[in-house]
Each structure stands twice: as structure tokens, then as C-alpha cells.
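Read-outs: derived from the displayed coordinates by stated rules, not from any lab. Keep in mind the model is a prediction, meaning the values are calculated, not measured. All Cβ positions, glycine included, derive from the backbone under ideal geometry; neighbour counts span all protein chains shown.
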Amino acid sequence: MSAPPTWDAPARDTSRVELAITGMTCASCAARIEKRLNKLDGVRAGVNFATGTASVEHPASVGVDDLVATVEKLGYGAAPPSARPDDAAPGPDRADVLRHRLLVSIALTLPVVVLAMVPAWQFTNWQWLSAILAAPVVVWGGQDIHRAAWTNLRHGAATMDTLVSVGTLAALGWSFYALFLGGAGMPGMTHPLSLTADAGPDALYLEVAAAVTTFVLAGRWFEARATRRAGDALRALLDLGAKDVAVRRDGREERIPVERLVVGDEFVVRPGETVATDGVVVEGRAAVDASAMTGESVPVEVAPGDAVSGATVAVGGRLVVRADAVGADTQLARIARRVAEAQNGKAAAQRLADRVSAVFVPVVIALSLGTLAVWLLAGAGSSAAFTAAVAVLIIACPCALGLATPTALMVGTGRGAQLGILLRGPEVLESTRRVDTVVLDKTGTVTTGEMSLSGVVALPGVEEDELLLRAGALEDASAHPVARAVADAARARLGDLPAAVDVVSRDGLGVTGTVDGRAVVVGRGRLLDERGVPSDGALADAVAEVEAGGSTPVCVAWADELGVLRARGVLAVADTVRDTSAEAVAALHALGLRTVLLTGDHATVARTVADRVGIDTVVAGVLPDGKADEIARLQDTGAVVAMVGDGVNDAAALARADLGLAMGTGSDAAIEAGDLTLVRGDLRLVPDALRLARRTLRTIEGNLFWAFAYNVAALPLAALGLLNPMIAGAAMAFSSVFVVANSLRLRRFT
């Protein structure tokens, strides 16, 4: 692939841990922590400001305690998983804390602003009342801002909090200087609105200090609420699981917490109850609703022997299920991990924004001081110079940059999980936009993968039952879908099958072995040729007949009394095309994508399937180890290739493609090799996944554009004195709210 996986493929002898980071207030904080962690030998870290987490891959020589200590040395808090038990009492919600401070600050700030802006209401000593009201807003309301700025200052760093803290404290300090040492504290003093006029050293900036603090609090409260909403999809996934379960042990039934369930336990699922964990049905029949986890709207009927996933709901009938996986090994846990890991990554554009944020704050402080000096040297009054300098500090806060990617990723990946689409990481988003060719595996992807015997063509002198008996006995030793179809049909028709010995499976070709003392070959015509089976016109005619019917031909040969292998007939095995495949291919074409069917099946059979669903190009007869080569060949022609597959033999091709989409109903190897996982086996999820990924990427890019454009446009206005600090604070808060609100639109993706 164009870029190796970031978090799903840790290097040998390394471990991965997720730390909860506290004390971060902006993108610069996240950038500092990430930079310092990555300086540790062998450590790769990504810090997410919006989720407050750090995903760290570290060698054995660097322990979790070392990682925590590194973060704490920077003045932030870090907690390893062991320090965050699931049953720990939750602390106060950040949004609720901010809401309380915001309401009090608004109540105190409104009179200050009104008195400053309406001279007619300025009674005797009104300025002292404004000071009494404004001071708690700046000191108490903005306490987190000042605390973070001081912590960073002690470590020789500057962040967004530094800009706000310096600006508001400077405005408050200047105002108190004017009140106590200047003439602003005199009775009868009127205030000609310091935001727009130069009142000299007696100018008050109480309304600026209070209003900017309140606007920043408002912005952070909106951010906290929106971030919580952005993570709702992931939390909803985690809440799907059952809390307790009825287990059958020692002949009796007892209810236990789901955490005590172990592999091998048999548990009861009654109508309307949630399946506690992944397992296999051992008793009963029911319809199971998986819509909350996979997006599949139609309940699926299950019976003994069928697999069920935890967090699905039995909507009819009673089931007894044997637990096959518990805890972190369940499908629900894997989905939640994949979503969380995707949210912790960064798109290429965000990595650029992080580098800008890391140097942005010192540059802005220098620009603010330069603005102050230029205005003073130009002969402007101290009030005008101070106003412009403070406006530069306030307007430049880069908080929107830090929210641009994480919030969009949180909402996009959460919505994808609800629809049954799992995104490996933000790096994948870049690939989805460039893809112009989609390569589809046939069996299990375009088709159901449920093969069945559709016909038996025996050559002259051969009985159909004997042909099916020998072929079924040999195929019974193989797990290949075609082999299972032949063996199951033989057993259903003839009963018990004789045992085969010396069985050798040839990938993509067939099986050889001995049945009842005779050498038997079952598979493609190429395998018969390799074993020296004489070519026979009758066999070629039988193969052509089977292929014309759209089935896969399976040639059968066995040895005669002299030990000479001879062709005996052809078995027709058919795979059912998924009902949704044609609709999915049409949707891919609507996106302007070229489609290719890549299969190891015969060209005639592949062409029949391709014509039925509308696929453009067919590449047939490809052995498993040749699929990746075909992907490479397409790439050499300039195509940017997405591969969709489900089997072990697709894993190499999925990894080689520019974008790998693995059907979640397929093998674990295919799922691990893919960039996108489609939880249910519905090909319509492929165009949905591409559209969601592209829309998420567009949202991130739009967020970053407006965040950058806001700073680029506003800084010159502030430096020129055309933007007062109070309006700058409101604009800064609005930029963050805009970015988050724009990201939340992804929740409506359908």
C-alpha cells in the first residue's frame, strides 16, 4: 500500500497503550506532548486534543511509568489504563463545570459591558462597581486558563492559554492601575468606551477583560458539549453490551454479571434480550437484530450451529448460546478499538496544522509586542497601542486548528461504526479521494460464497453416483468452499463417504489423494494436465457445458486397474450472486469509478457473474499468490486501486492495494490487512464507505481552511487597530464553535 498502517501493526517487541491526558487546553499542548514522547527512544506517539488521549507504541525498554513521567514533566497529567478502572467513580463532566462558570461570568459581565458602552447610565463611582464585577470573571472564571499558562511558562512553553491569559490580565491590570494610580478612580469620571477611543492613561479595559474571558468560556463550553456529542456513537457502541446474563451451570440457571462469563459457558437469550457475547447457538431458533452494531436493518434467522455476535438482540424465540469469545476478544470490543484508534490518528493536513500551532504562539506574542511598539513609535496614544496589542493576542488563538481534525474524525468514524463501516485511521482518507479503480473479489464478495452442487456430468461409462462418491470422499478432507459443496452434496445423496488418504491440497488448483485404493484427482483442468491425465474431447465438452450455465467446473479423474489416471466427469458448482451486488456496482460507477472482477475462477464463469452485476472488466484464472501481482500491474498502468475482498487469499492483495476494503464476514487475516472493514457482508457498504471517507476528509479540509483563513484575515485587522479585543474574543470563540458544528453535520450522513 502507499502507506503502512500506523497503529494496527505494531513492530515486534513493542507494546501499545492509550493514556488519558489531562490539562490540555489547545492544539499547542497536544503538539508539545506528542513531540516530547516521540523523542523517547523507539516511541511512536499520537496525541488527540479533542479526545484527551495519547496512543503510544513503545518498546520494552520504555515502560508506561516512563511515558507518564515524561508527560508530567511537561506540566500535564497522564493516567495509564491500570489507573483508570472501569468501575471508578466518574468525576464531574467538564461541560457541566464550564457551564456553571459561564453562567456566573455572563451575569457579572453584562453590567460591566453595559456601563462601559452607555455613558448615560454611568452613575457616580460606577467604575468601582465594574472593577468589583470584572475581577471575579477574569480571576475565577478564567482560572483554568491562567493555571495552564503558568504551568507552561514554568516549563518554558507558550500555548493558546498564554495568549488569552496575558491579554485578559494585562487589560485587568491596566484598569486597576488607572483606577488606583491614574485618574480613572475619581468620582464623576465618565468612560468614553475604551474600545474605540484613546482616553490616555485613564482608559479602563474592564469590559474587555471580562467579556473576552466570558467569550472564551462560552467557546470552550460549546466545544466540550460538541466533543461529547461527537463521541456519542462510540459510547453508544460500548453501551450495547448486556450487563448481566443467565448462565446454565451444573444443571441449573443463574444470573451473573457479564464480566464473569468465560469461554465455553452456555447462556440463555430470551426474546427481547441482548446476546451477552460472541458464540454459537446450541439450542433454539430466533430472529436476531444486529442493526445497532452493523447497520443491517433486517433481522437474521439463526438456528443451532449458527454464529451470533454479542450486543445483537433476539427479537423472537429463545436461544441457548455457547460463548466463544469474551471481553476484549469479542467483535464489539474489536469494533470499539478500531473506532477509537481511528479517532486518535491525524490526517496529513492536521499534522501540518500541528507544526504551525507549535510555533504560532511565540510568533503571536512577538507580533503583539511589535504592534504595541509600532503604535507608540507612530505617536498614537498608549490606549490605542494597548488596545491593538491585546486584540492581536486574543484574535490569534489557534484553538480551532486543534479541533479541525479530531472532531470530524470522531463524528465520521462514529457514524461509520453505526452503519457497519470501520475506518483504520485518518491516513486512509487521503487514499479514498485518489482511488479511480475498484477491484472486487468474486467469491464471498460479489457472491455469497455459499457454494452448492448444481449438476453432475459423467463421461460415458461412468456412473454419476460413483463420480460423486469418489470426488466427495476426497473433497471431504478440504475446507475450501467448493470442496465443502461437493462433499456435502455427496453425503446428502449417498450417505457416509469412504475415508481418503494421502490427501494433498494444491492452492487454487484442487486436491489429490487416494480413495478405496485408487488415486483420485479433483480440481481444475490444469491440475489434471499436471498429473498427466490424457486430454479428452468429451471432458472439454462437459467443461464447456458447465461454464455455459454459469457454474464452476470441477474436473474429476481417477486411476484404472492399471494405475493410469483417466478423466471421469465434471461436477458443476454454483455460487449465488448477492442480491445487492448489482446495486453496489451501479453506485460505484455513479462515483466515477472503474470496476474490475478479480477471481481464480474460470473466465466464462467470471464473465457471467460480471455481466449479471454490471462489472466493467474481468481478470480470471488468477491463483491466490497472483492477486497481489495483478493489483501491482494495475498500479503500474497509473491506476489508484481499491481492493475489496474477504478471504485469506485476498490479504496480500488488500495490503498491496492503495486502499484495502475487507468484508467483516471474511477471515481475520483479510480484516487486519484492510484499511476499511465492512462489518456485514453487503457490497453496498463499499460505495457508502468511500462516500463517508471522502466527506469526512472534505470536512477536515474545510475546517482547517476556515481556521487558517480566520487567523490570516483577522491578525492584520487587529494589528491595524480595526478590531477591538472584545469583538476579537467573540470571533475567536465563534471560530472553534464553527469548526465543531461543521463536523457534527457528518452525523446526518446516510
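Please label the shape of region 243-325 as rounded, prolate or oblate, based on the square roots a ≥ b ≥ c of the eigenvalues of the alpha-carbon gyration tensor (a/c under 1.5 means rounded; beyond that, a/b larger than b/c means prolate, else oblate). Can you show the working numbers first?
Working: a/c = 1.82, a/b = 1.53, b/c = 1.19.
It comes out prolate by the Cα gyration axes.
Assuming R0 = 25 Å, what is the FRET efficiency of Ala79 and His100, from their Cβ-Cβ distance, to the nearest 0.05?
According to the calculation, E is roughly 0.55.
Tally Lys/Arg at +1 and Asp/Glu at -1 over every other residue whose Cβ is under 15 Å from the Cβ of Thr437; what's the total?
Summing Lys and Arg as +1 and Asp and Glu as -1 gives 0.
Once you charge only the Cβ atoms, +1 for Lys and Arg and -1 for Asp and Glu, what is the size of the charge dipole of region 243-325 about its Cα centre, to the nearest 20 debye?
For region 243-325, the charge dipole is close to 240 debye.
Taking Cα atoms of region 449-576, Rg/Rh with Kirkwood Rh, to two decimals?
We get a ratio of 0.92 for region 449-576.
How do His146, His589 rank when sorted from fewest to most other Cβ atoms within 10 Å of their own Cβ?
Least crowded to most crowded, the residues run His589, His146.
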